[in-house]
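Asks: Have a look at the structure that comes next, please.
The values are calculated or read from the model by the stated rules, or taken from the named source; none is laboratory data. Note that this is a predicted model, so its numbers are computed, not measured. In this analysis, Cβ positions are derived from the backbone assuming ideal geometry, glycine residues included, and neighbour counts consider all displayed protein chains.
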Amino acid sequence: MVFDIRIAGTDVHFSCAPDQNVLDAALRAGIEMPYSCRKGVCGNCAAAVPAGTLHSPPAEARPPGQHLLCQCTPQSDLEIAPEAWHRIDPAARKTFTAKVYRNALAADDVSLLQLRLPAGQRARFKAGQYLQVLLPDGSRRSYSMANPPHESDTLQLHVRHVPGGQFTGIAAGLAAGDTLRVELPFGSFELREEADAPMLCVVGGTGFAPVKSLLDDMLKKGIRRPVTLVWGARDRAGLYLPAAVARWQKLLPGFRFIPALQDADDARAMDGAFAGRVDDAVRAAFPSLAGHEVYCCGSPPMVAAVRQVCVQERGLEAHDFFSDAFVPGPAVR
Ligand code: FES
């Protein structure tokens, strides 16, 4: 038995088995909706369900009156009202055996892993999207591409070292010439290119990676919008790619950089730095965010704190907050 899931106000519909979650069924049918973790943590896939019955487990990230589409399963035909949706080509997702050509430490706990695709092969993705690394035990790990899409024969990953993390151990031992199996693209975090609103990018640690892709892509395409980047780290060394920031400062008119450092001494020593968390840095720098777009990447609690400041306290429209929440551990396929 399968149920029919219809997007409210459209004639777009897809099938979903009773034991399948609604987001998964939509993606397999080539319909993409906002999502990030697929584990019920980030809340990005929350949607109203105006008609039908479903099993929807309780979750902290579930807003009142909404359901997390990555967690709920249908018990009848449904009508759903996601915040956004568009059609994708499921066949555009491809698996590659990529070769490591550089693996270097960018900070004590961050590796910059550069992969090259086999000769003649190109990866097709949008800036902000992520890939999954296929590990020998069959599990997967998600990493955002840090390079822009036009550099389509390479993949740059920023790997944060997680104590005891399975891929952390593998990544540490990777040397030039080793291979990794990767599948891409995944994810709905991407630049709204048709907009011209000022952008605020708020990232924590390696949440910098997808925003780097996004800003490099803007440079390449000649998209010029005022951009403020708030990058949170423990100390100055955690801002592990200063050359990328310097390049945007030089080439993107209206680019502003606010480091948010937990180490107060480092913050004092750095021009324009804020001593404290990224959400407090946003609070201090922006009396209002009405008319802005916010792009936020980091841990689920960090994303939730930034969303709270932007939407609840600074007047940002909720639909202008885009996020990618990094949840450690195996990826959901
Ligand atoms: S909660 Fe569903 S994608 Fe994160």
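Asks: Can you tell me which residues in segment 61-81 are at pLDDT 90 or above, in a loop (DSSP other than H, G, I, E, B) and under 30 Å from Leu134 (Cα atoms)?
Replies: Leu69, Cys70, Gln71, Cys72
Asks: Right, something else. Could you list, in sequence order, all residues of segment 168-217 that are farther than 14 Å from Pro149 by Cβ, part of a loop (DSSP other than H, G, I, E, B) and of a type in the set (Gly, Ala, Ser)?
Replies: Hits for segment 168-217 are Gly173, Ala175, Ala176, Gly177, Ser188, Ala195, Ala197.
Asks: Now for a separate question. Surrounded by fewer than 17 Cβ atoms within 10 Å (Cβ to Cβ), outside any strand (DSSP E or B) and more than 15 Å from the chain's Cα centre (by Cα) - does that describe any residue in segment 293-307? Step through it out loud before you land on a result.
Replies: If we filter segment 293-307 for residues that are surrounded by fewer than 17 Cβ atoms within 10 Å (Cβ to Cβ), which is where we start, we get 301.
Cutting the leftovers down to outside any strand (DSSP E or B) gives us 301.
From what's left, more than 15 Å from the chain's Cα centre (by Cα): none.
Within segment 293-307, none of the residues are surrounded by fewer than 17 Cβ atoms within 10 Å (Cβ to Cβ), outside any strand (DSSP E or B) and more than 15 Å from the chain's Cα centre (by Cα).
Asks: Return the total of residues in segment 241-292 being in a loop (DSSP other than H, G, I, E, B), small (Gly, Ala, Ser) and in contact with a Leu (Cβ under 6 Å, 6 or more places away or on another chain).
Replies: If we filter segment 241-292 for residues that are in a loop (DSSP other than H, G, I, E, B), which is where we start, we get 241, 252-254, 262-263, 269-273, 276-277, 286-292.
Of the ones still in play, those that are also small (Gly, Ala, Ser) are 254, 269, 272-273, 276, 288, 290-291.
Still in the list and also in contact with a Leu (Cβ under 6 Å, 6 or more places away or on another chain): 273.
Residues meeting the conditions: 1.
Asks: Would it be correct to say that Arg38 is crowded, with 20+ Cβ neighbours inside 10 Å and of a type in the set (D, E, K, R)? Talk me through it step by step, then tell me what you get.
Replies: On the way: crowded, with 20+ Cβ neighbours inside 10 Å: yes; of a type in the set (D, E, K, R): yes.
Against the criterion (crowded, with 20+ Cβ neighbours inside 10 Å and of a type in the set (D, E, K, R)), Arg38 qualifies.
Asks: Could you say whether any residue in segment 128-151 is among the aliphatic types (A, V, I, L, M), within 16 Å of the ligand (Cβ to nearest atom) and modelled with pLDDT of 95 or more? Spell out the reasoning first.
Replies: Initial filter on segment 128-151 (among the aliphatic types (A, V, I, L, M)): 131, 133-135, 145-146.
Imposing the further condition that a residue be within 16 Å of the ligand (Cβ to nearest atom) reduces the set to none.
No, every residue in segment 128-151 fails to be among the aliphatic types (A, V, I, L, M), within 16 Å of the ligand (Cβ to nearest atom) and modelled with pLDDT of 95 or more.
Asks: All but one of (1) within 16 Å of the ligand (Cβ to nearest atom); (2) touching a residue at least 60 places away in the same chain (Cβ under 8 Å); (3) under 21 Å from His161 (Cβ atoms) hold for Pro301, so report the exception by its number.
Replies: Pro301 satisfies all of (1) within 16 Å of the ligand (Cβ to nearest atom); (2) touching a residue at least 60 places away in the same chain (Cβ under 8 Å); (3) under 21 Å from His161 (Cβ atoms) except (2).
Asks: Of all residues in segment 193-217, which are closer than 11 Å to Leu229 by Cβ and of a type in the set (D, E, K, R)?
Replies: Across segment 193-217, the qualifying residue is only Lys212.
Asks: So in segment 10-26, with the set limited to residues that are within 23 Å of Phe189 (Cβ to Cβ) and surrounded by 22 or more Cβ atoms within 10 Å (Cβ to Cβ), which one is nearest to the ligand (Cβ to nearest atom)?
Replies: Among those that are within 23 Å of Phe189 (Cβ to Cβ) and surrounded by 22 or more Cβ atoms within 10 Å (Cβ to Cβ), it is Leu23.
Asks: So, in segment 261-283, of the ones that are surrounded by fewer than 13 Cβ atoms within 10 Å (Cβ to Cβ) and of a type in the set (A, V, I, L, M, F, W, C), which residue ends up nearest to Gly205 (Cα to Cα)?
Replies: If we filter segment 261-283 for residues that are surrounded by fewer than 13 Cβ atoms within 10 Å (Cβ to Cβ), which is where we start, we get 264-265, 268-269, 271-272.
Restricting the remaining residues to those that are of a type in the set (A, V, I, L, M, F, W, C) gives 264, 269.
On the way: Ala264: 17, Ala269: 19 Å.
Looking at the filtered set, the residue picked out is Ala264.
Asks: Let me ask something else about it. Looking only at residues that are touching a Gly at 6+ places or on another chain (Cβ under 7 Å) and polar (S, T, N, Q) in segment 49-77, which one is nearest to the ligand (Cβ to nearest atom)?
Replies: Top of the filtered list is Gln71.
Asks: Filter segment 30-48 for residues that are touching a Lys or Arg at 6+ places or on another chain (Cβ under 9 Å) and either touching a residue at least 60 places away in the same chain (Cβ under 8 Å) or more than 8 Å from the ligand (Cβ to nearest atom) (or both) and give the result. Walk me through how you get there before you give the answer.
Replies: Initial filter on segment 30-48 (touching a Lys or Arg at 6+ places or on another chain (Cβ under 9 Å)): 30-32, 38, 40, 43, 45-46.
Scanning segment 30-48 gives Gly30, Ile31, Glu32, Arg38, Gly43.
Asks: Quick one: would you say Ala233 is crowded, with 17+ Cβ neighbours inside 10 Å and under 25 Å from Val162 (Cα atoms)?
Replies: Numbers: crowded, with 17+ Cβ neighbours inside 10 Å: yes; under 25 Å from Val162 (Cα atoms): yes.
Judged against the criteria, Ala233 is a match.
Asks: Identify all residues within segment 309-333 that are out of contact with any Leu (no Cβ under 7 Å at 6 or more places or on another chain), under 16 Å from Tyr295 (Cβ atoms) and more than 16 Å from the ligand (Cβ to nearest atom); write none if there are none.
Replies: Residues of segment 309-333 out of contact with any Leu (no Cβ under 7 Å at 6 or more places or on another chain): 309, 311-313, 317-333.
Next, from what is left, pick out any that are under 16 Å from Tyr295 (Cβ atoms): 309, 311, 317-326.
Matches in segment 309-333: Val309, Val311, Glu317, His319, Asp320.
Asks: In contact with a His (Cβ under 9 Å, 6 or more places away or on another chain), within 15 Å of the ligand (Cβ to nearest atom) and in contact (Cβ under 8 Å) with a residue 60 or more places away in the chain, is that true of Ile80?
Replies: Working: in contact with a His (Cβ under 9 Å, 6 or more places away or on another chain): yes; within 15 Å of the ligand (Cβ to nearest atom): yes; in contact (Cβ under 8 Å) with a residue 60 or more places away in the chain: yes.
Yes, satisfied.
Asks: Among the residues of segment 318-333, how many are surrounded by 15 or more Cβ atoms within 10 Å (Cβ to Cβ) and within 17 Å of Cys45 (Cα to Cα)? Spell out how you get there, then give the answer.
Replies: The initial filter retains those residues of segment 318-333 that are surrounded by 15 or more Cβ atoms within 10 Å (Cβ to Cβ), namely 320-327, 330-332.
Then drop every residue that is not within 17 Å of Cys45 (Cα to Cα), which leaves 320-327, 331-332.
Result for segment 318-333: 10.
Asks: A further question follows. Under 16 Å from Ala244 (Cα atoms) and of a type in the set (D, E, K, R) - does that describe any residue in segment 147-162?
Replies: Yes - at least one qualifying residue is present in segment 147-162.
Asks: Further, regarding this structure: State whether the residues of segment 168-185 include one that is within 21 Å of Val306 (Cα to Cα), surrounded by 22 or more Cβ atoms within 10 Å (Cβ to Cβ) and touching a residue at least 60 places away in the same chain (Cβ under 8 Å).
Replies: Initial filter on segment 168-185 (within 21 Å of Val306 (Cα to Cα)): none.
No; the residues of segment 168-185 include none that is within 21 Å of Val306 (Cα to Cα), surrounded by 22 or more Cβ atoms within 10 Å (Cβ to Cβ) and touching a residue at least 60 places away in the same chain (Cβ under 8 Å).
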